[in-house]
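Following: one structure in C-alpha cells, then a few remarks.
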Amino acid sequence: MVSPILVRPVREQLEHDRIIRLLPARYRRRFEVGINPGIEQNAPVGTGLKALYPDAVMYAGDKGRKVLGIAEVETVESVNHLEAMSQWASLGRLKVPFHLYVPASAIDVARRMATDYQVLLTELWSYDNVGDQVRFTLIQRSADSSGPIGQRAALGKAARPAPSRVAAVARPGVSRVPAARPVKARPKAPAKSSARPAVKRVAPKRPAARAATARKATPRKTAKSSPRKAQKRR
C-alpha cells in the first residue's frame, strides 16, 4: 500500500514489491489472495471512497469473496510513527485478522509502535534475505487470534498467566491462609525406674481336700501294753 505520507527510495520500493509478490504462495492453501504492489489497486477492502488497498488481501474461496484477512509489508524507512498512526491504525480497525511484515532489524520498533497506538495485530512477521531467498519468521501472535473476529487483544499486552491451582488472589479483608489447628499436648509417659520393686514370696496354700486326704492316709499309732504293765494292773 503506497502511503500518502512517505515516498520510499527506489531500492526499498523494489524490495517492498518483491516481498508482496511472495505472499500469495504463503496463503494460497487457505485463501484466495489479491495483492496491490506499487501503485496498483487490484484488491480493495470496502467500496467507494472508503475502500482501502492493503498490500495483500485474503478472500474466501466461495462466490461471496468475503475478506478473511489483510497483510501489510513495511521496509526500514516506513516503520515510523506516521505510518503507524495513518496506516496500521486504520487497517487494525477493519475487524479482520491483520498481519504485519517488517524487516528483521525493525522488530522492536514495530512492536513498540503497535503497542503505543493500540494497533490490533493478529500476527507480526519479520523477513530477512538469506542469499537469494527470503526467510519469514513469526515474531508474535495474538493470544486469541483463533477466536471470533473483533475479540483480538492489542499487540504488546502481556499474556494472562495460567491460573494456579495452589496460589489464589487475595481479596481485601479476606485471608486465604488457613488457620493453624491447635495441637493437643500428649500426656507424658511416666518415667521408667531402673530399680525393680520388691516382690513378696508367699508359700502356696494346700487345698483343704488334699490336707484331709493326707490325714486319712496316715495310720495312727496304737499303744501296745507291755506284759509288765499288765501284771501291775492285776
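The values are calculated or read from the model by the stated rules, or taken from the named source; none is laboratory data. Quantities reported herein were computed from a predicted structural model and do not represent experimental measurements. Positions of Cβ are backbone-derived with ideal geometry, glycine not excepted, and every protein chain shown enters the neighbour counts.
Looking across the range 59-88, the residues that are among the aliphatic types (A, V, I, L, M) and more than 19 Å from Thr47 (Cα to Cα) come down to Val73, Val76, Val79, Leu82, Ala84, Met85. Looking across Met85, Met113, one residue alone is over 34 Å from the mean Cα position of the chain (by Cα), on the phi < 0 side of the Ramachandran plot and not assigned by TED's automatic domain parsing to the domain that holds Thr47. It is Met85. Going by what's in this entry, would Glu15 be described as more than 15 Å from His99 (Cα to Cα), in contact (Cβ under 8 Å) with a residue 60 or more places away in the chain and surrounded by 12 or more Cβ atoms within 10 Å (Cβ to Cβ)? In short, yes.
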